[in-house]
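Quick notes on the structure that follows.
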Amino acid sequence: KAGVTQTPRYLIKTRGQQVTLSCSPISGHRSVSWYQQTPGQGLQFLFEYFSETQRNKGNFPGRFSGRQFSNSRSEMNVSTLELGDSALYLCASSLNAGTPDTQYFGPGTRLTVL
Amino acid sequence: DQQVKQNSPSLSVQEGRISILNCDYTNSMFDYFLWYKKYPAEGPTFLISISSIKDKNEDGRFTVFLNKSAKHLSLHIVPSQPGDSAVYFCAASEQGGSEKLVFGKGTKLTVNP
């Protein structure tokens, strides 16, 4: 069974630009969560989607948004990029919502903002 | 304010000995706790969890202990193996894990042969 895939794996952008990251969950998984990992703040929850609906949202500004499609694939978008948005963005999928011990993480997208 | 704290950024132990990783939390509403392991260039992998109705959960070489009164949990790895070298994150959640996870900043464990 294929794991969680994230594209692209690496991305370099400049301040003020916007970026879209993609996550394909494990086949059959309907829940997708996004996390940001930085050296200073560690792993922080961004949002969780289940059946195309945002179920939970972390404490991030409105520049961070996401969506989930009918095939459970998810995208997150960051607009007006800031230097502090440089991070590893991780996506995780699970069969159902609210089951973190059955969550599988992807390898992440490394975003660098210059 | 950090709700989940891992105060030791790193830990080094000898192969075969016990590794003890610690985690403290401040939010008394947390009732579900998890440990994840992360190797470089990979996403975290779920290791073990514990509900607040228990004070211990065991899975092979890994045991998690929960002290609710002290708001403290620990992960014991016995015996430690070089392949256990990774960054370990503890995480906490409300409502049995159905609410968003709050992570600690991680502890880098190095197991020396």
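Being out of contact with any Asp or Glu (no Cβ under 7 Å at 6 or more places or on another chain), among the β-branched types (Val, Ile, Thr) and at pLDDT 95 or above is the filter here, so list the residues in the stretch A:88-114 that pass it.
Answer for the stretch A:88-114, where residues must be out of contact with any Asp or Glu (no Cβ under 7 Å at 6 or more places or on another chain), among the β-branched types (Val, Ile, Thr) and at pLDDT 95 or above: A:Thr109, A:Thr112.
Any residue in the stretch A:85-114 that is free of Cβ contacts under 8 Å to residues at least 24 places away in the same chain sitting within a Cβ distance under 8 Å of a residue that is among the aliphatic types (A, V, I, L, M) and in a strand (DSSP E or B)? List the pairs, counting only those 6 or more apart or interchain.
Taking only residues 6 or more apart or on different chains, the pairs are A:Pro100/B:Leu34; A:Pro100/B:Ala91; A:Asp101/B:Leu34.
Pick out the one residue from B:Val13, B:Val87 that is of a type in the set (Val, Ile, Thr), within 14 Å of another protein chain (Cβ to nearest Cβ), surrounded by 14 or more Cβ atoms within 10 Å (Cβ to Cβ) and out of contact with any Asp or Glu (no Cβ under 7 Å at 6 or more places or on another chain).
Details: B:Val13 fails: within 14 Å of another protein chain (Cβ to nearest Cβ).
None of the other options fit; the residue is B:Val87.
Yes or no, residue by residue, for (1) aliphatic (A, V, I, L, M); (2) out of contact with any helix residue (DSSP H, G or I) (no Cβ under 8 Å at 6 or more places or on another chain); (3) surrounded by 14 or more Cβ atoms within 10 Å (Cβ to Cβ):
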residue: B:Ser49; (1), (2), (3): no, no, yes
residue: B:Ile53; (1), (2), (3): yes, yes, no
residue: B:Lys56; (1), (2), (3): no, yes, no
residue: B:Gly83; (1), (2), (3): no, yes, no
residue: B:Glu94; (1), (2), (3): no, yes, yes
residue: B:Gly104; (1), (2), (3): no, yes, yes
residue: B:Lys108; (1), (2), (3): no, yes, yes
residue: B:Asn112; (1), (2), (3): no, no, no
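Being closer than 19 Å to A:Pro100 by Cβ and either in contact with a Phe, Trp or Tyr (Cβ under 6 Å, 6 or more places away or on another chain) or touching a residue at least 60 places away in the same chain (Cβ under 8 Å) (or both): is that true of B:Ile50 here? Quick ask: steps written out before the conclusion?
Numbers: closer than 19 Å to A:Pro100 by Cβ: yes; either in contact with a Phe, Trp or Tyr (Cβ under 6 Å, 6 or more places away or on another chain) or touching a residue at least 60 places away in the same chain (Cβ under 8 Å) (or both): yes.
So B:Ile50 passes the test.
Have a look at A:Leu114, A:Leu83, A:Leu46, A:Leu95 and point out the one that is within 11 Å of chain B (Cβ to nearest Cβ) and hydrophobic (A, V, I, L, M, F, W, C). Steps first, please.
Numbers: A:Leu114 fails: within 11 Å of chain B (Cβ to nearest Cβ); A:Leu83 fails: within 11 Å of chain B (Cβ to nearest Cβ); A:Leu95 fails: within 11 Å of chain B (Cβ to nearest Cβ).
Residue meeting the stated conditions: A:Leu46.
Looking at the stretch A:50-114, what strands (runs of 3 or more DSSP E) fall wholly within it and have at least 2 residues that are among the β-branched types (Val, Ile, Thr) and under 13 Å from the mean Cα position of the chain (by Cα)? Full working, then the answer.
Values: elements: A:53-57, A:64-68, A:74-78, A:87-94, A:109-113.
Counting at least 2 such residues, we get no strands (runs of 3 or more DSSP E) at all.
The values are calculated or read from the model by the stated rules, or taken from the named source; none is laboratory data. Remember, it's a predicted structure, so these values are computed and weren't measured experimentally. Reconstructed Cβ throughout: ideal geometry from the backbone, glycine too, with neighbour counts over all protein chains shown.
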